[in-house]
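Take a look at the structure below.
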Amino acid sequence: MFLMLAVMVGVSASAQQLPDVKIENQEGKIVSTKSVVDGTPMIISFWSTTCKPCIMELNAIYSNLDEWLEEADFKVVAVSVDDARSVSRARGMVANWDGYTCLFDKNQDFKRAMNVSLTPHTFIVDGKGNVVYSHSGYTPGSEQELFEKIKKLQ
Amino acid sequence: MKKFLLSILAVASVFVAEEASAQIKAGEGQVSIALESNNIYYAPDKRMVDLGLDKPNDRIRGNFGSNDYLKVDYTLGRFSVGVQLDGYLPGLYGYDMYTYQQRNSKLTAFLTKYVQWEDQNWGVRVGDIYDQFGNGLIFRTYEDRNLGFNNSLAGARAYYNFNNMVNVKVLAGMPRLYDVRSKNPVWGADLSLSISDMAGWYDGLISIEGSYVGRYQKGAAELFPSKEEFGTVVAGVDGDVVNMVSGRANFEYKGFSLRGEYVQKLNNDKFSPALSASKGNVVNVDLGYNYKRFSASVTFRRQVNMTAPIELVENGIGGGNTINYIPLITRQHTYSLANLNPYRGTSVHTGGEVGGQIDLYYSLRNPKVRSKYWNFHANFSMFNTIDHKLGNMDMEGRNAWIDFNFDVERQWNKSVKTTLFYSYQRWDEEINHYDAAVAHYCDSHIFVADVTYKINKKHSLRVELQYLNSNDYEGDWLAGTIEYNFAPKFSFYVSDMWNCEAMQDGQYGNGIWNPDTLEYDGNALLHYYQVGATFTHDFLRLQLSYGRNRAGYVCSGGSCRYQPAYTGANLSLTLSF
């Protein structure tokens, strides 16, 4: 741990690239996670059907979406980390979030590649696929911070 | 305690360094680091010790435990390399690693590593591999830190994708069994053919898939030979190799989906000390339908002796000793009283089960007013045991679990949201423990009200009330939670779960058995309280809590583990950058 702290101090900031992992899209087809990179900034949120704060966060973003889109151009990518137990439940729930890009990470390969330990874990990624911000956990109102970061990318 | 204070100190130093940057650049590539540390200090709780619920003498590794995971990856374009160090310093109580391996050593560590090249249409990985074929019913290697499972395959994997029409994957290696590397090699291949892509049909999906998986254990047939017992022949393992095959078909078109899978174990394989070795199979069918804001999903599954362990052992296997994944498919509950007695499968005792679940979602929304909506969700599931033998007795399949759940979520405006939840659960308590000839059914009704009030942009309050009504098992329960949030950094909560009704239901209940008078001596009506706080700052998350924890099953994904009761302080830290 102390060794890690030593590593942390004095490192220069640089943007991490979105990793290339093959996972399922909403139609059940295998796609590369790089395929979501299309020039538009995005909020990538890792969630699961048993994670209540995750669902609260995605609902909160959904409630604000119209207003936010008037001020900034971005998209929302919801990555379900539900395994075979509840992936069909996750596919049912995403019907509530029209307009979101939904991916299904059944064996948590994308989650592992993004170093996500706990959900919700949310990333802001710019149009070129660089991760510019990350935040784990959700408290009502913290979605405002995501929007502030998105606005900076415009 | 000293170690606990030390970790608090370490965490405090993180605050000092919190201004450090979020990523590290190394040459042309980049390094990312993640740390997760879960620490518990087990405190003496006289009340629980007196009742025999907390057994401090069983804590052979002392009163402090820490499960830690440090992961470091380096990526340069399509190339990546990484390591993960798991440290159990010593391990927390209630994880199968210790239950089944009986490790007395205080400190344990395990290192996993990989090198990988991920091209557009092909990829190669050498080292620890996490993968699954289909739904994982034939093969799945994965990590679940809530359960302490990690069966990563140390070996090699290669795949090739031809124009999305043909996808072929091969892999082989030695699985990890808790904190040792098993000597039993496992190998497999997976082929997926996309008929729709071949036919140039892009409106939907039709695919046919198949897998093969094998495992070798030296001397398995010698260890478990066929033998005669009480006049009947008990089948043994017929060779040192077990082979499994599976076939799958998937269809999707305009919101309708149908997915089917059949897996067959071709050789006799011993799976539990209670049963003779036998071949197994599982059939799984998933049906899904989405139309606008309505969606439905139905799952049916029947499985017989399909558990495929990494190592065949005489006694006890533990949830982590497996190369395939047959998850529980009942709804996984998030409210504590709905989770008191979760369904955890019957196949360990009876060799198999048959059942399914239905999920219905409907959302009522005005597309113009996004901050107001209704969400309705209903769910039903049922599982029965299959016909099987108990010793020499023929047992007919019987109901093991039923639950029906309904919840309504209403976002009234930007500041108020309410959730009402009801769950009916019925289970056979006998079959939860062992394969019993006579069932002992318990019923419970659970009611929950959950209100979130957003005071302003930063402050919010959440209140949760729960009531469990039951005339058997442990009787009635009450629970409540109050949570106060300061977005985006702080959150505080207090909660209590109280078993409020004295109950003696046959050999179950909350009565206190007095060994001197051989009579019940009052009832243990305990409060399970918790108080906690969470701090989050970008890549850091810190959670500190203190409370009394009930003995029970902790489920994550489709598996569960038994957690003994304890009172203590819990500090967890995650860092990723």
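A few points about this structure:
- Rounded to whole numbers, the Karplus 3J(HN,Hα) couplings from phi for region B:116-130 are 9, 10, 10, 8, 5, 10, 8, x, 10, 9, 10, x, 7, 10, 10 Hz, using 6.51 cos²θ - 1.76 cosθ + 1.60 with θ = phi - 60°, and x at Gly and Pro.
- MRE, 222 nm, helices only [DSSP H, n ≥ 4, -39500 (n - 2.57), over chain B, to nearest 500]: -1500 deg cm²/dmol
- For the residues of B:477-490, the average number of beta carbons from a partner chain within 10 Å of their own beta carbon is 3.
- Summed side-chain charge close to B:Gln303 - residues other than B:Gln303 whose Cβ falls under 15 Å, Lys, Arg +1, Asp, Glu -1: +2
- Peptide A:23-32 - average C-beta neighbours from other chains (10 Å radius): 4
- Share, in percent, of DSSP beta bridges within region A:2-152 that are antiparallel, nearest 5: 65
- FRET E, pair B:Leu191, B:Lys489, Förster distance 51 Å, beta-carbon r, rounded to 0.05: 0.55
- Which of B:His433, A:His135, B:His537, A:His121 has the fewest Cβ neighbours within 10 Å, and the rest in rising order: B:His433, B:His537, A:His135, A:His121
- For region B:28-37, 3J(HN,Hα) per residue [Karplus equation, 6.51 cos²θ - 1.76 cosθ + 1.60, θ = phi - 60°, Hz, x = Gly/Pro]: 7, x, 9, 10, 10, 10, 9, 10, 10, 9
- Cα centroid separation - region B:458-536 against region B:27-81, whole Å: 26
- Residue of A:Ile124, A:Ile61, A:Ile30 that the Gaussian network model of chain A assigns the largest fluctuation, springs spanning Cα pairs under 10 Å: A:Ile30
- Rel. contact order, % - alpha carbon contacts under 8 angstrom, at least six apart, region A:2-152: 32
- Centroid-to-centroid separation of region B:387-407 and region B:304-363 [C-alpha atoms, Å]: 14
- Gyration tensor over alpha-carbon atoms, the protein assembly as shown, equivalent ellipsoid semi-axes in Å: 37, 33, 28
- Taking chain B as a whole, the Cys residues whose C-beta sits 4.7 Å or farther from every other Cys C-beta are B:Cys442, B:Cys500.
- Among B:Ile431, B:Ile455, the order by Cβ neighbours within 10 angstrom, fewest to most, reads B:Ile455, B:Ile431.
- Taking the fewest neighbouring Cβ atoms within 10 Å as the starting point, the ordered list for A:Asp38, B:Asp73 is A:Asp38, B:Asp73.
- DSSP-assigned coil residues among trypsin sites (Lys or Arg not before Pro) in region B:347-404, each with at most 13 further Cβ atoms within 10 Å: B:Lys368
- Separation of the B:Asp50 and B:Lys227 label points, Cα + 7 Å toward Cβ, nm: 4.9
Here, each number is a calculation from the coordinates, and none is a lab measurement. Keep in mind it's a predicted model, so treat the numbers as computed, not measured. Cβ coordinates were reconstructed from backbone atoms using ideal geometry, including for glycine residues, and neighbour counts include every protein chain displayed.
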